[in-house]
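What follows draws every value from the coordinates through simple rules; no lab data is involved. The structure presented is a predicted model; accordingly, all values stated were derived computationally and were not measured. All Cβ positions, even for glycine, are placed from backbone atoms using ideal geometry, and neighbour counts span all protein chains on display.
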Amino acid sequence: MRPKDKIYLNFARVFPNSYRNHLASILVYGGEKKNVDYWLGSGTVLALLMMFKIVLIPWVFFGAFQRLYFIIGVIVFLFIEFLVYLFAYFKAEDRTARIEKALPDALQLIAANLKAGMTPYKAIKLSARKEFGPLAEEIDYATSHALGTESFETTLLRISERTNSETLDRALKLFTSAMKSGAHLAKLLEDLGNDISQTRELKNELITSTKTYTAFILFTIMVGTPLLLAISIHFVTIVSEMQEKSNISNVGFGLEFLAGKVVITPDFLTKMSLVMLVLTSLLASMLLGVIKEGKEKQGLRYAPMLIIGCLTVFYVSKYIIGNVFGNLF
């Protein structure tokens, strides 16, 4: 074992076995060839290097330790570890989606091969075309292992352990049970492929019908919220400036609200607005994931786009409002 691999292994052992086993299964679902210890250890080393780099900044420039940089370093460390998990998760989900997309065509091809007089083993082996992507890889894996001591049915069912697709799992169980019972496999696979295709079409129709809600959420998060926050900050700025310029003891003519002290400053409101925009964007991305895919984690891939869009609209709105309406008071 190389020294680098030993370092990765030692850092990976810090994590609980339950998390390592969970991440290992996700890597298998994603078709990743690297070991879970290498994957987790390399990500941890990168996170620690970034953390130490941030923590050591005060020592280099100021010659003193600052707690703020330590907190930022810890946050960056946790964020990188979260990204390591998300990258593996998205890779597994994308591979599952590609398998389920190719499954109906593969079933139709297997049925056609069976009608041509091929055995089930030969029909499945010849259906592993390159255009089927990861599904072809799993078929090759099953057919190659079926030549050994294991039965063909066992190797087919083992595909379910390497994928995270309930649709494929049900199709494999139905296929193997039909082989044992002597059912008409070709007709069964044709009907199964048609049912899966119809289910995918219904799912796409549901996603299309919810596009209005998606557009409303995106408009509210990326345009409405940043604009309202920018207006609020400008209002607080105007009130603060009017208090400084006015003689508070002689305030009248319906402007008695200027006599009170404004506790919320524009700087504080700006910082809180940034926190609100980031958190709101994260929650909105998770909601979009539920609407589109039925899973909260799937929406996190939209989070960077939403956060960048919200912050851009916020600063642009703040700049325009400050320059257009700033000279009116």
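Some notes on this structure:
- Sorted on the mean count of surrounding Cβ atoms within 10 Å across their residues, most packed first, peptides 303-310, 52-59 read 303-310, 52-59.
- Sequence-distant aspartates and glutamates (8 or more away, or on other chains) whose Cα lies within less than 19 Å of K130: E32, D94, E100, D105, E138, D140
- Taking the helices alone, the chain has a mean residue ellipticity at 222 nm of -25500 deg cm²/dmol, built from -39,500 (n - 2.57) per DSSP H run of at least 4 residues and averaged over all its residues.
- Qualifying lysines (Cα of each under 24 Å from Cα of K211; at least 8 residues distant if same chain): K101, K203, K292, K295, K297
- Tally of Lys pairs whose C-alpha atoms are under 22 Å apart, taken over segment 3-96, 8 or more apart or cross-chain: 7
- Mean Kyte hydropathy of 0.5 or more with a Cα span along the axis of at least 15 Å, helices from DSSP in the chain: 36-55, 67-115, 225-245, 266-292, 303-324
- Structure-derived P(r) over Cα pairs in 10 Å bins from 0, in percent - corresponding label in [x] 5, 17, 20, 20, 16, 10, 7, 4, 2, 0, 0; [y] 6, 26, 34, 22, 9, 3, 0; [z] 5, 22, 28, 25, 15, 4, 0: [x]
- Ascending count of other beta-carbon atoms within 10 Å, so fewest first, for V290, V239: V290, V239
- Residue (of P104, T119, G294) at the positive-pole extreme of the chain, dipole from beta-carbon charges: T119
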